[in-house]
Amino acid sequence: MTGLRVLVTGFDPFDRDSINPSWEAARALDGWNFELPGGQTVQVHARRMPCAFGAALRALDEAIDEVQPQLVLAIGQAGGRSEITPERVAINVDDGRICDNAGCQPIDVPVVQGAPTAYFSTLPIKALVRELRSAGIPAAVSNTAGTFVCNHLFFGLMHRIATRPLAGGLRGGFIHIPLLPEQAARLPAALPSLSLETVIEALRICVRTAVQVHEDVRETGGALH
Ligand code: PCA
């Protein structure tokens, strides 16, 4: 039986920060191998993405070509969030509130000209939230990945999956994570944070769940606004 390959991506630090928990957590999973109950093996490969419009998508394309994964979990930092948040939807717009690491700040331009307005994640986002919570880790579905480089990468990933399918099938999506305590401590007003240990455990749960659950569970993850 052949093994499954999972690509987990994290980002470079951005906005003058010196660390990005998404890469710190993703890199901890690099080389992780485990066996599913049926005996199939899963192999995790982590890759670091530049926090720059365009360059991030080129790096993602290269990583997918190289790893040939069946599953991609793209991870990014969302300062201010208190939970692990699997994203529901990627939208076809770049609108930078700040400059990316290359000094670019696109405003209201499509990620991919002529592509659909949006794509849904093909991760089992409700099942991820359920498994995270039952492990004692705060989690919630998010209905917006923003309009910065994370949404850009997420949209590019889903567009590639939709338009250039891999032979073995490819599913993927995006998960935002809170700041680390050390980042929150540097800010004038404290923002919520989660320890790196907890985030790493959360990503392990997400990988295990996403490889096994193909049909998402039906339970509420909606929001009023
Ligand atoms: N978070 C940013 C970009 C890189 C990251 O980790 C975002 O949410 O768009």
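Derivation of every value follows stated rules applied to the coordinates shown; laboratory data play no part. Quick caveat: nothing in here was measured; it's all calculated off a predicted structure. Reconstructed Cβ throughout: ideal geometry from the backbone, glycine too, with neighbour counts over all protein chains shown.
What 222 nm value per residue comes from the helices of the chain, counting each DSSP H run with n ≥ 4 as -39,500 (n - 2.57) and dividing by all residues, nearest 500 deg cm²/dmol?
-9500 deg cm²/dmol
Along the charge dipole of region 50-129, Cβ charges K/R +1 and D/E -1, which of Val129, Gln113, Gln70 sits furthest on the positive end?
Going by the charge dipole, the pick is Val129.
In terms of the Cα gyration tensor, with a ≥ b ≥ c the square roots of its eigenvalues, is region 5-120 rounded because a/c is under 1.5, prolate because a/b exceeds b/c, or oblate?
prolate
Can you run phi through the Karplus equation (6.51, -1.76, 1.60; θ = phi - 60°) for region 172-188 and list ³J(HN,Hα) in whole Hz, with x for Gly and Pro?
x, x, 10, 10, 8, 10, x, 5, 7, x, 5, 6, 4, 5, 7, 8, x
Name the residues whose placed amide hydrogens come within less than 5 Å of the amide hydrogen of Asp94, ignoring near sequence neighbours (fewer than 5 apart) on the same chain.
For Asp94, the qualifying residues are Asp108, Val109, Val111.
Just the Kirkwood number for the chain, please: inverse of mean 1/r across all distinct Cα pairs, in Å, one decimal.
17.5 Å
I want to check the label-to-label distance for Leu224 and Ile107. Put each point 7 Å from Cα in the C-beta direction and report it in nm to one decimal.
Inter-label distance under the simple model: 3.4 nm.
Please give me, ordered by residue number, the trypsin sites (Lys or Arg not before Pro) of region 1-79 that lie in loop per DSSP and have at most 13 other Cβ atoms within 10 Å.
Counting only loop positions with at most 13 other Cβ atoms within 10 Å, the trypsin sites (Lys or Arg not before Pro) in region 1-79 are Arg16.
Pick from Cys150, Cys104, Cys206 the residue whose mean-square fluctuation is largest in a GNM of the chain, springs joining Cα atoms under 10 Å.
The residue that fluctuates most here is Cys104.
What ranking do Phe174, Phe53 get, fewest neighbouring Cβ atoms within 10 angstrom at the top?
Lowest count first: Phe53, Phe174.
About the Cα centre of the chain, what is the dipole size in debye to 20, counting +1 per Lys and Arg Cβ and -1 per Asp and Glu Cβ, all else neutral?
In total the dipole reaches around 300 debye.
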